[in-house]
Amino acid sequence: MTAFPEVDKVCYEGPQSKNPLAFRWYDENEVVEGKTMKEHFRFSVAYWHTFRGTGSDPFGPGTMVRPWDDGSDSLDNARNRVCVAFEFMEKLGAPFYAFHDRDVAPEGKTLAESNKNLDEIVKVLKDEQARTGIRLLWGTANLFGNPRYLHGASTSCNADAFAFAAAQVKKCLEVTKELGGVNYVFWGGREGYQNLFNTDLKRELDHLGRFLHLAVDYAKEIGFTGQFLIEPKPKEPTKHQYDSDAAACINFLRAYDLLDHFKLNIETNHATLAGHTMMHELDYAASQGALGSIDANTGDMLLGWDTDQFPTNYYLTTEVMLILLKYGGLAPGGVNFDAKVRRESFEPIDLFYAHVGGMDAFARGLKIAAAIRADGELAAFVRDRYRSWDTGIGAEIEAGKADFKTLETYMLEKGDIAPNQSGRQEMLENLINRYV
Ligand code: XUL
Ligand code: CO
């Protein structure tokens, strides 16, 4: 039985290809800056969107045609879905996938039953991983869907919600370890607030810090060595999410003494919801040694919500790859397509078109970024722009050899600063366009 009879294996055919089921740029074996494309990206398929997304929106029900899925919450349906997922990922050539506990296995009536369901499905996941060599990029627990989490999970006013969430993460850590997951993600689903009049913000933040420490402790106890990641997002579902952007997350991690244990999973549409570019969020996180992984997607600038579209814009992927190359890449993170096909793209084949386009856009972005770097003009400009820091007073300040008094003496003698030079923004934007 095949779920995708019209697709054999997506292959690299080169830039001239007009085959929408072939890669024009993503050649997994091509070496760029010393690594294969496969190693650069570590592409991952998001189980929730690709195998659980129905296409429903606030105005109407799901539209997706998924002939293999009987729509039920049965274990058999869940098992079958895993096989379809691995057929898809194998044909696509994605080396990784990511899931929430509740995507892969149905939630039971009790915690015990949910855990049992998960164990059943983990057996199938494990078999399929062994059969295909596809690996788990990260696991995560869904701490936002069930109504018990309506006030949040670890930041709920209800201590029992914290306890339930802890039990759920405990199990999900065990399962992620069992499947050889290389990371574990915390996205603060409902960890935030709608209204400060009813919220003890300080207490909630303390609880979030406590929760993450408990996770770190338990990982140590069971020998889970995957990288912990926090995924920033400023709003949706709550008005204010505590993990609002990279800077807020890093401040939180530092304040609660967690920075040694966590990095960030940066998502494009979350960056733009926060009023930042993806490039900013990546550069900021990496500058603090906290860039872990990427949730690749894109938002629609005309819509103010998290549309989770597949990335196709070379300019965006070029910006992303410039940062990744600058900081030496992502591993053990990867590029996870936290993206969904549009409600109108309801046929199974659309899942292939979407992922092929996203992988190709990243591969093209990598090649453009590598060409910009090889040429060296941009880097030389930036180096030159900061040359006043390489010698003289700049070097003394950086070396910690200057204080306010010596700086005053320096300026009194000199009279005024050396003339500023143009930032050349337009010229540099034109330079980037030479490569895109
Ligand atoms: C929500 C989101 C999540 C996380 C995993 O906006 O991005 O799917 O990636 O919980
Ligand atoms: Co995400």
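Overview of values
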quantity: Principal semi-axes in Å for region 325-419 [√(5λ), Cα gyration tensor, largest first]; calculated: 50, 16, 13
quantity: Inter-probe distance in nm under a simple model that places probes 7 Å from Cα toward Cβ, at residue 279 and residue 418; calculated: 2.6 nm
quantity: Charge dipole of region 373-413 about the Cα centre (unit charges at C-beta), most positive-ward option of 374, 412, 399; calculated: 374
quantity: Total formal charge among the other residues, if their Cβ is under 9 angstrom from that of residue 278, Lys/Arg +1 and Asp/Glu -1; calculated: -3
quantity: Candidate residues 74, 154: accessible-area rank, largest first, probe 1.4 Å; calculated: 74, 154
quantity: Gain on full stretching of the segment that runs from residue 402 to residue 203 - 0.36 nm per residue minus C-alpha separation; calculated: 67.5 nm
quantity: Extension gain, residue 385 back to residue 301 (0.36 nm per residue minus Cα-Cα distance, nm); calculated: 27.0 nm
quantity: Dipole magnitude of the chain about its Cα centre (Cβ charges: Lys, Arg +1; Asp, Glu -1), debye to nearest 20; calculated: 260 debye
quantity: Distant-in-sequence amide H partners of residue 187 (H built 1.01 Å from N, under 5 Å); calculated: 231
quantity: Under 24 Å from the Cα of residue 177 - lysines, other chains or at least 8 residues apart; calculated: 38, 116, 123, 126, 220, 263
quantity: Contour excess over end-to-end distance, with Cα ends at residue 159 and residue 409 and 0.36 nm allotted per residue; calculated: 84.1 nm
quantity: Share of carbon and sulfur in the accessible heavy-atom surface of the chain [1.4 Å probe, %]; calculated: 52 percent
quantity: Mean shadow area of the chain, taken as a quarter of the surface of its Cα convex hull (nm²); calculated: 25.0 nm²
quantity: Cross-link pairs beyond the 32 Å C-alpha cut-off, checked among 235/401; 170/367; 170/340; calculated: 235/401; 170/367
quantity: Residues of the chain: accessible area per residue with a 1.4 Å probe, Å²; calculated: 48 Å²
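The values are calculated or read from the model by the stated rules, or taken from the named source; none is laboratory data. Computed from a predicted structure; not experimentally measured. Methodologically, a virtual Cβ is constructed for each residue, glycine included, from the backbone with ideal geometry; neighbour enumeration extends over all protein chains shown. Areas reflect the complete protein model, heavy atoms only, side chains present, ligands, DNA and RNA absent. Shrake-Rupley method; radii C 1.70, N 1.55, O 1.52, S 1.80 Å.
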